[in-house]
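**Q** This is the structure, below, for whatever I ask next.
The values are calculated or read from the model by the stated rules, or taken from the named source; none is laboratory data. Just so it is clear, the structure is predicted and the values come from calculations on it, not from any experiment. Protein only, heavy atoms only, side chains kept; ligands, DNA and RNA dropped before computing areas. Shrake-Rupley method; radii C 1.70, N 1.55, O 1.52, S 1.80 Å.
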Amino acid sequence: MSNEYYLFLDESKPNGSNIHHLCLAGVIIRKETYENEVVPEVRALKQRVFNNTDIILHESEIRASRDLPYTVLRQREKRAEFWQGMDNIFRNYNLTTLGASIHISDFKSFYNDSELNDEYYIVLQIVLENFVHFLRSHNAKGQVYIEGINTTDDTRLRNTYHKIVANGTLYYSPNAFQDRLLNINFLIKADNNIGLQLADFVPGTLNRTCNGLSPKQPSIYPLIDAALYDGGHGLKQRFGFKILP
């Protein structure tokens with residue numbers, strides 16, 4: 001089976017104010033498309049806008065445009081060129097978005113118990129289950145990429161991943177995961193991974209919608225929403241972005 005896809009993931013956490021969900025979300029890209037088309041296109045966009053292919057695309061810094069090298073985005077033309085470039089990448093390269101979120105305080109209130117599953121385990125389980133559904137529908141295998149935080153948190157997340165693969169989920173047996181998922185990979189920001197930089201724009205955008213907040217402008221929510229995986233059944237809320245509890 002030569003067909004392979006990458007799932008690049010990022011997270012958006014509660015902020016103690018108007019964001020109450022933990023959201024884990026990202027983008028699925030076919031390996032060949034990613035390596036041969038998406039990576040060169042994003043690098044070209046960085047060169048055109050920032051005159052620097054080493055810059056890390058980070059949504060919050062891009063929107064703030066306060067610090068170098070992001071200050072160039074204060075120029076109307078450069079700002080328009082960047083967001084049009086992002087629009088083109090999502091539209092032209094068949095990117096698929098995927099995610100899950102959980103309202104943490106509601107979760108702990110509804111299930112008032114000291115032995116609850118970890119909320120990260122819950123959202124990762126849903127995301128991996130739907131990624132496996134995607135892989136099975138495309139007769140493919142896949143790898144998961146996520147930005148490393150620190151040794152302790154990365155070990156915890158890796159153990160969570162292997163727990164899901166070893167035990168399966170409500171809908172899929174362990175064999176389904178073991179047959180389709182190749183690995184989970186932790187990268188650092190300095191790796192300048194293009195896929196993780198695209199994924200950075202997804203969870204925050206989705207998290208605002210499930211907390212009833214308007215999208216930040218310029219909005220890429222229509223792109224992310226249109227790209228949500230629907231399971232081949234038109235069910236984006238089930239297979240693309242699931243909100244709990």
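**Q** Provide the per-residue ³J(HN,Hα) series for segment 119-129, in order, calculated from phi with Karplus coefficients 6.51, -1.76, 1.60 and θ = phi - 60°, each as a whole number of Hz, with x at glycine and proline positions.
**A** Using θ = phi - 60°, the values come out as 5, 5, 4, 5, 6, 5, 4, 5, 4, 5, 4 Hz.
**Q** A further question follows. Karplus couplings for segment 206-213 from phi (6.51 cos²θ - 1.76 cosθ + 1.60, θ = phi - 60°), rounded to Hz, Gly and Pro as x?
**A** Once θ is set to phi - 60°, the couplings for segment 206-213 become 5, 5, 5, 5, 7, 9, x, 9 Hz.
**Q** Can you tell me the orientation of helix 39-50 relative to the chain, as the angle in degrees between its alpha-carbon axis and the longest Cα principal axis, to the nearest 10?
**A** That works out to roughly 40 degrees.
**Q** If I compute solvent accessible area with a 1.4 Å probe over the protein chains, what percent of it on the chain is carbon and sulfur?
**A** 44
**Q** Follow-up. Among 108/216; 13/242; 13/163; 78/189, which pairs are too far apart, with a Cα-Cα distance over 26 Å?
**A** 108/216
**Q** Tabulate in residue order the Karplus-calculated ³J(HN,Hα) for segment 83-93, using 6.51 cos²θ - 1.76 cosθ + 1.60 with θ = phi - 60°, rounded to whole Hz; enter x for Gly and Pro.
**A** 5, 5, x, 5, 4, 4, 5, 5, 7, 8, 10
**Q** Moving to a separate point now. Using Cα centres only, tell me the gap between segment 81-160 and segment 11-61 in whole Å.
**A** 15
**Q** Mind checking the full-extension length gain between residue 182 and residue 33? Use 0.36 nm per residue of separation minus the Cα-Cα distance, one decimal, nm.
**A** Taking residue 182 through residue 33 to full extension adds about 51.8 nm, to one decimal.
**Q** In the chain, what % of DSSP beta bridges are antiparallel (nearest 5)?
**A** 50
**Q** Moving to a separate point now. Taking a probe of 1.4 Å, how large is the accessible area per residue of the chain, in Å²?
**A** 49
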